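What follows is a short report on a single structure.
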Amino acid sequence: MLALIDPSAAALPLLLLRRSRLLRAHPGQVALPGGSQADGDGGLWRTALREAEEELGVPPGAVDPLGYLNSVPVTHSGFLVTPLVGLLRHPFTPRVQTSEVEAYFWFPLRDRSHQVRLERRPVLPQPPEEMPGYAFQDHFVWGVTGLILADLLARLGEAPGQPPHDG
């Protein structure tokens, strides 16, 4: 998965997508661009760049690799997700691959206007279970993506609902 950050904007926006509701796995959920390795990818960076290009038209040459975040296990599927952080070299307009992606949005990692709220919401109908996540506009970022986002925010010294970090 690619955590693509635009360093040219003060809010440090992170590119997220809403998965197509027609997909069998995780339909309609908010996610980072990314997916499983394919033969010939040649490593996690190439997989992340290939998937981001397929899903949202991210030009691979527009991404500077920065590093890795902590891997996150997906309990119900058995996958181990290794998020990769990249910085956007220059602006681009995402192109949604509608068979996989319903929409995209930019999530502010530095939320000086207090648009992001840390919340607990019911997410699983049977049995009812609450999950922590980040509410932003009409999106709720939770689950694996929420854990990745929490890791990234902690590394940046940012936390919704907390005073801004001066560092």
Local electrostatic count, residue 83, Cβ distance below 14 Å [Lys/Arg +1, Asp/Glu -1]: -1
Most mobile listed residue (98, 47, 145) in the chain, GNM with C-alpha springs under 10 Å: 98
Per-residue Cβ neighbour rank within 10 angstrom, fewest leading, 105, 136: 105, 136
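Find the relative contact order for segment 27-154 and round it to a whole percent, using C-alpha pairs within less than 8 Å whose residues are 6+ positions apart.
Relative contact order here is 21 percent.
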Spatial separation of Cα centroids for segment 77-121 and segment 1-58, in angstrom: 8
Taking 88, 56 and counting other C-beta atoms within 10 Å, the order from fewest to most: 88, 56
Helical contribution to [θ] at 222 nm, DSSP H n ≥ 4, -39,500 (n - 2.57), averaged over the chain, rounded to 500: -5000 deg cm²/dmol
Within a Gaussian network of the chain (alpha carbon springs, distance under 10 Å), most fluctuating of 49, 156, 15: 156
Estimated Rh, the chain: Kirkwood, alpha-carbon pairs, angstrom: 16.4
Likely footprinting exposure, 1, 131, fewest C-beta neighbours within 10 Å first: 131, 1
Most mobile listed residue (114, 76, 139) in the chain, GNM with C-alpha springs under 10 Å: 76
Charge dipole (debye, nearest 20) of segment 23-95; +1 at Cβ of Lys and Arg, -1 at Cβ of Asp and Glu: 120
Given charges at Cβ of Lys, Arg, Asp, Glu: segment 2-112 dipole, positive-most of 82, 12, 40: 12
Dipole in debye (nearest 20) - the chain, about Cα centre, beta carbon charges: Lys, Arg +1; Asp, Glu -1: 180
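Work out which trypsin sites (Lys or Arg not before Pro) in the chain are exposed loop sites (DSSP not H, G, I, E or B, at most 10 other Cβ within 10 Å) and give the longest gap free of them.
Answer - 25-111.
Throughout, read-outs are computed from the coordinates displayed, never taken from laboratory work. Everything numeric here is computed off the predicted structure, so don't read it as measured data. Every residue, glycine as well, gets a Cβ built from its backbone with ideal geometry; the counts of neighbours run over all protein chains shown.
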